[in-house]
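Note sheet for the following structure.
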Amino acid sequence: VSNNFGSDYLERQPLPRNYYSIVKTAPAVNTSIANSSAILAYGGTSASQNAYTIDGVNVADSGAGGYWLLPSIQWMEEIQVSGLGAPAEFGGYTGGIINGVTKSGGNEFRGALEVYYQPEAWAADNAPEGYETEGTFKFENYAASLGGPIAKDKLWFFASAEYWRQVIMPSAESVSR
């Protein structure tokens, strides 16, 4: 069982520009009630039961078993989420296999500049009576990438840089309630 998110989806998806937010949209992938950042895939009961890889190289946190790397969406050509019947090369996992396939250069120069910004004024404040919150919410993401040939048909490069910041801070009044 597998699901692949190709470059078209990654460029146009309406989700936060966060690698693991995209992974969570795959069928049979959920988040833990106790920890919304923990990915539970294909029947696994904890994030440590997944295999986290980038280009097939293990990037899991060896101490806690979850993921420790937050790759940029700019780096990704494809994100693969699979489990249940995967080849033996993936070894000891009982949840899902989450693999990012990174971009590489080509024979043509290509680049991108992306800006995602959400000021506090754009966040909805239509919570039902008694559930209103006061505080600060800010999101900004700036990314640039460039790839191309070093030696045509033989050697290519790809480089990317990203600044990602999200601030969610309740006001002192809403914390004391």
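Please treat every number below as a calculation from the coordinates, not as lab data. This is a predicted model, so every value here is computed, not measured. Heads up, the Cβs are rebuilt from the backbone with ideal geometry, glycines too, and the neighbour counts pull from every protein chain shown.
Spin-label pair I168-E78: with each label point 7 Å from Cα along the Cα-Cβ axis, the two points sit 3.2 nm from one another.
Could you tell me the calculated FRET efficiency between D55 and T136, based on Cβ-Cβ distance and R0 = 41 angstrom, to the nearest 0.05?
Values: r = 37 Å, r/R0 = 0.91.
It comes to 0.65.
Taking 17 Å as the straight-line reach from the Cα of K103, the aspartates and glutamates in range (excluding those fewer than 8 positions away in the same chain) are D8, E11, D55, E77, E78, E114, D153, E162.
Here the simple spin-label model places points 7 Å from the Cα toward Cβ, and for I150 and N4 these points are separated by 2.7 nm. By the rule of a C-alpha distance below 13 Å, with chain neighbours fewer than 8 residues away ignored, the aspartates and glutamates paired with K154 are E108.
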